[in-house]
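> Have a look at this one before I ask anything.
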Amino acid sequence: MITASSEDLYKVEKKDLFASGHRACGGCGQALAARLVADAAGENTIACVATGCLEIFSSPYPDPSWRIPFLHSLFENISAVASGVEAAYKALKKGPVNIIAQGGDGGTADIGFQSISGMFERGHNVLYVCYDNEAYMNTGVQRSSFTPFGAKTTTTPMGNTTRKKNLPLIAADHGIPYVATATVDDFRDLQRKVKTALLINGPKYLHILAPCPLGWGHTGDLTVAICRLAKATGLFPVYEIINGKVANVLKIQEKKPVEDYLRLQGRYRHLFKKGVPVKEVAEIQEIANQNIERFNL
Amino acid sequence: MLKYLEGSHAVSQVVAMCRPNVISAYPITPQTHIVEDLARLVGEGKLDAEFINVESEFSAASVVLGASAAGARAYTTTTSQGLLLMNEVIYCIAGMRLPIVLTCANRAISAPLNIWNDQQDSMTVRDAGWIQLHAEDNQEAADLHMQAFKIAEQMHLPVMVCMDGFILTHAFEPVDIPEQKEVDAFLPPFKPQNIVDPRWPRGIGLYADPRFYMEVRYILHRALEKSEKVIKQVSEDFAKKFGRQSGGLLKTYKIEDADIVIITMGSVAGTIKDLIDQLETEGKKVGLLQICSYRPFPRKEVYRVLKDKMNLLVIEKSISLGRGGILGSDVRWSFPRTEKKDRKISCFVSGLGGRNISINDLRTAVEMVEHEPVELEFLGLNPDIIAARDL
């Protein structure tokens, strides 16, 4: 069980283990999240990172941003690579060490789906952090299975017609001990979840909503506001699943209509004809309502 | 100690004595007996290693990649479709200079689906930056694994030990299995250098832009070339310790005064040697050059032994579709341009998908090239099937 004091868990960590000077866009949710994750995990950590935005903006030879060990090989295999690192530490009787596999939504839920499922099922002591920016941003904003209904990407130019894959619940159904969702606006909550996860032995999954100003079509200064609206509308429920039970659901203080969230982002602009919402907006509201009901937000 | 056992078990027992820390594999015929035996040895506590059962060959290769990057001596084995599925990781392992050892139980490639032996699978990754060593028999397959770890760790290069599927993996024959202390004396513990460890934070697998990428690939190529010396040296050290010749760059048989030299890799060398002995009684001088190290390809050594040989016959179990023999191309490339003109190099694609290569087939090939060289021939084709199906 989780034994750290709540004071330790709720303390915001600032260690600059993911250094400034990397090449992310201004307002990048993933860069912010990666720093929060590294600082929460601390020095005794190995970052295993999948190919994608994070890897590209943080690890050009010879100028990586990481002050903790960093391992990258390919796009779809980071869960298996992290499994191998963990197996090596076990076999060599080294450690303990925090092993954190990290990837974007495509590397996690699409091309890396088999690999992450294997890692969960085998029970490796690895925390997987998914930075969810809801499309393939590194290659120029193409649709992934995390792209929400209605969102425009370069490969869904008329708007995405399918709903987002629910990986946190799929992860939980592997029977792993800890699953959580978080957003980058709430430092304390995000870092508490990283620290909580790292106290638990076995596979853990942390799903972080990480807005992408470039792909979502908003200015960089709106990253935090958009995260807050994602929660206030019910579109991104924030919760934990501890040993299979949903816990610590973040309650919505003041419920907002999805329109407030959609109107801030260029990727949804086509859903408003001369300012009037088209029928897809009602379906997005329905998705939010279902989340609110399902998780009792 | 001489033991009568299956080729797969000769390999698994020697691999276990090499004390790998992490083993990860996905089952595929005809590699399965190797993994099953290693899983048993780990399960029974006879081998202190982590055995990771994965959901695909892609993940098996990725697990050993991660394990090796974290400082473990890591081993995997596969074949055919499994090796093709690993392909992306195979290239990455070499680029990252991880000294992983992989056994390839050589098997044909789909389609059509076929589980029997040829060497098309390892051929598909010949350019990936791995050392590829081909075993002739089960003794050599077992011995090559000891040498493979030593070469890999010395050169920071991955090594693929290729053994013909079924023909070797499932064949029972006497194999001299060493004592643990002999293996320990030959293969020192792995001392990794660049590893992920919080005590020395470093980045492994950074991306390289056009200013750096080409140099990395050049250095990798040079390392492959330099490994020729190490492959030879390790084979010589092995011969001193164990009293038998295994591995090395190449082997020859009755080549000195041969008029025709057959060139091949793998288990078919045995049949060829029998044929050479038969032909000798008939007064025909035929020799054999066996390539053990296919990558790096020992061009200079090949040239040295074939310099005066004008009639060469390549028996190979793979094909570059739309081009022809692959090993044949490597052999042809071994001669300086000025010496290519008068030399006859005949290429016979043989034994694809487990088609038996009989001594009579080989005799036919020799008789053909005695009269006239052939550009490309397929040994033992059934004309009836072709007539019925060829469009």
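> Could you compute Rg(Cα) / (2.2 N^0.38 Å) for region B:250-389, with N its residue count?
1.01
> Now for a different question. Please compare each pair in B:LYS150/B:LYS254; B:LYS46/B:LYS317; A:LYS14/A:LYS193; A:LYS152/A:LYS231; A:LYS11/A:LYS251; B:LYS46/B:LYS226 to a cut-off of 27 Å on the Cα-Cα distance and tell me which ones are over it. Numbers along the way, then the final one.
Details: B:LYS150/B:LYS254 30 Å; B:LYS46/B:LYS317 37 Å; A:LYS14/A:LYS193 15 Å; A:LYS152/A:LYS231 21 Å; A:LYS11/A:LYS251 21 Å; B:LYS46/B:LYS226 36 Å.
Violating the 27 Å Cα-Cα cut-off are B:LYS150/B:LYS254; B:LYS46/B:LYS317; B:LYS46/B:LYS226.
> Specify, per residue and in Å³, the volume enclosed by the convex hull of the alpha carbon atoms belonging to the protein assembly as shown. Working shown, then result.
Values: hull volume 126.2 nm³, N = 688.
Enclosed volume per residue, from the Cα hull, is 183 Å³.
> So, one more: At what distance in angstrom do the alpha carbon centres of region B:68-82 and region A:24-82 lie from each other?
24 Å
> Once you average over the residues of A:94-104, how many Cβ atoms of partner chains fall within 10 Å of each Cβ?
Per-residue shielding by partner chains comes out at 2.
> If you don't mind, there's one more thing I want to ask. Taking the convex hull of the Cα atoms, report for region B:73-207 its projected area averaged over all directions, in nm².
9.6 nm²
> Please report the antiparallel percentage of the DSSP beta bridges confined to region B:2-242, to the nearest 5.
20 percent
> Would you mind ranking B:LYS273, B:LYS317 so that the residue whose beta carbon has the fewest other beta carbons within 10 Å leads the list?
Taking fewest neighbouring Cβ atoms as first place, the list is B:LYS273, B:LYS317.
> Cα convex hull of region A:1-118: how many Å³ per residue?
In region A:1-118, the Cα convex hull volume per residue is 129 Å³.
> Any chance you could run the full-extension gain for B:LYS226 through B:LEU381? It's 0.36 nm times the residue separation minus the Cα-Cα distance, nm to one decimal.
Roughly 51.8 nm would be gained on extension.
> What FRET efficiency, computed as 1/(1 + (r/R0)^6) with R0 = 41 Å and r the Cβ-Cβ distance, is obtained for A:ILE170 and B:LYS191, rounded to the nearest 0.05? Don't skip to the end; give the middle numbers.
Numbers: r = 42 Å, r/R0 = 1.01.
The formula returns an efficiency of 0.50 here.
> For B:LEU187, list long-range residues whose amide hydrogen, built 1.01 Å from N in the peptide plane, is under 5 Å from its own amide hydrogen.
none
> Could you compute the FRET efficiency for B:LYS300 and B:MET1, with r as their C-beta to C-beta distance and R0 at 41 Å, rounded to 0.05?
Result of the calculation: an efficiency of 0.60.
> Separate question: Under a 5 Å amide H to amide H cut-off, with H placed in plane at 1.01 Å, what residues pair with A:LEU71 once short-range neighbours are removed?
Long-range HN contacts for A:LEU71: A:ALA47, A:CYS48, A:VAL49, B:ILE204.
> Sticking with this one: For B:ASP209 and B:GLN154, compute 0.36 nm times the residue count separating them, minus their Cα-Cα distance, and round to one decimal in nm. Please list the in-between numbers first.
Details: separation 55, 0.36 × 55 = 19.80 nm, distance 2.81 nm.
Taking 0.36 nm per residue and subtracting the Cα distance, the gain is 17.0 nm.
> Then there is this: Express as a percent, rounded to the nearest 5, the fraction of DSSP beta bridges in the protein assembly as shown (both residues included) that run antiparallel.
If we restrict to bridges inside the protein assembly as shown, about 25 percent are antiparallel.
> Let me ask you something else. Please report, ordered by residue number, every helix of chain B (full DSSP H runs) that is 27 Å or longer along its axis going by C-alpha atoms and whose mean Kyte-Doolittle hydropathy reaches -1.0.
Membrane-span-like by this rule: B:213-242.
> Run the simple label-point estimate for B:HIS170 and B:LYS344 please: 7 Å along Cα→C-beta, distance reported in nm.
Roughly 3.8 nm, to one decimal.
> Please determine, in degrees from 0 to 90 and to the nearest 10, the orientation of helix A:279-295 with respect to the longest principal axis defined by the Cα atoms of chain A, where the helix direction is its Cα long axis.
Approximately 40 degrees, to the nearest 10.
> Taking the Cα-to-Cβ direction at A:LYS14 and at B:ASP257 and moving 7 Å from each Cα, how far apart do the two end points lie in nm?
8.8 nm
> Specify the inter-centroid distance of region B:109-146 and region A:98-112, based on alpha-carbon positions, in whole Å.
32 Å
> Check the straight Cα-Cα distances from A:LYS279 and name the aspartates and glutamates below 18 Å, setting aside those fewer than 8 residues away within the same chain.
A:GLU259, A:ASP260
> In the structure shown, do any of A:LYS15/A:LYS165; A:LYS164/A:LYS273; B:LYS240/B:LYS300 have a Cα-Cα gap over 28 Å, and if so which?
On the way: A:LYS15/A:LYS165 34 Å; A:LYS164/A:LYS273 24 Å; B:LYS240/B:LYS300 25 Å.
Check vs 28 Å cut-off fails for A:LYS15/A:LYS165.
> Still on this structure: So which aspartates and glutamates can A:LYS256 reach, going by Cα to Cα under 16 Å and dropping same-chain residues fewer than 8 places off?
Result set, ordered by chain and number: A:GLU283, A:GLU286, A:GLU293.
> Another question, if that's okay. If I fit a long axis through the Cα atoms of helix A:78-91 and take the longest principal axis of the Cα atoms of chain A, what angle between them do I get, 0 to 90°, rounded to 10?
20 degrees
> Now, a different point. Does region A:156-297 come out rounded, prolate or oblate, given a ≥ b ≥ c as the square roots of the eigenvalues of its C-alpha gyration tensor, rounded meaning a/c under 1.5 and, failing that, prolate meaning a/b above b/c?
Verdict is prolate for region A:156-297.
> Taking Rh as the Kirkwood radius computed over C-alpha pairs, what is the Stokes-Einstein D of chain B at 25 °C in a medium of viscosity 0.890 mPa s, expressed in µm² per second?
Reported coefficient: 114 µm²/s.
> Same structure, new question: Compare the Cα positions of A:LEU190, A:ALA24, A:VAL258 along the charge dipole of chain A (+1 at Cβ of Lys, Arg; -1 at Cβ of Asp, Glu; about the Cα centre) and return the one farthest towards the positive end.
Of the candidates, A:VAL258 comes out farthest on the positive side.
> Next question. Among A:LYS93, A:LYS193, what is the fewest-to-most ranking by other Cβ atoms within 10 Å?
Taking fewest neighbouring Cβ atoms as first place, the list is A:LYS93, A:LYS193.
> What residue among B:THR124, B:CYS162, B:LEU249 has its Cα farthest toward the positive end of the dipole of the protein assembly as shown, where the charges are +1 on Lys, Arg and -1 on Asp, Glu, each on the Cβ?
Result: B:THR124.
> What FRET efficiency do you get for B:GLN180 and B:SER358 if R0 is 45 Å and r is their Cβ-Cβ distance, rounded to the nearest 0.05?
0.65
> Helix A:187-199 versus the longest principal axis of chain A: what is the Cα-based angle in degrees, 0 to 90, to the nearest 10?
The answer is roughly 40 degrees.
> Something else now. Report, please, the projected area of region B:158-309 averaged over directions, based on the convex hull of its C-alpha atoms, in nm².
Numbers: hull surface 55.9 nm².
If I average the Cα hull's projected area over directions, I get 14.0 nm².
> Which three semi-axes in whole Å describe the equivalent ellipsoid of chain A, each the square root of 5 times a Cα gyration tensor eigenvalue, listed largest first?
30, 21, 18
> Here's another thing I want to ask about it. Please enumerate, by chain and number, the aspartates and glutamates with C-alpha under 17 Å from the C-alpha of B:LYS191, excluding those fewer than 8 residues away in the same chain.
Straight-line reach from B:LYS191, under 17 Å: B:GLU153.
> What stretch of chain B, leaving out the sites themselves, is the longest with no GluC sites (Glu not before Pro) in a DSSP loop having at most 10 other Cβ atoms within 10 Å?
B:45-178
> By counting other Cβ atoms within 10 Å of each Cβ, how are B:ARG211, B:ARG73 ranked from fewest to most?
The fewest-first ordering by Cβ neighbours comes to B:ARG211, B:ARG73.
Bear in mind these aren't lab numbers, they're just calculated from the coordinates by the rules spelled out. Everything numeric in this text was worked out from a predicted model, so none of it was measured. Here Cβ is always computed from backbone atoms with ideal geometry, including for glycine, and neighbour counts include all displayed protein chains.
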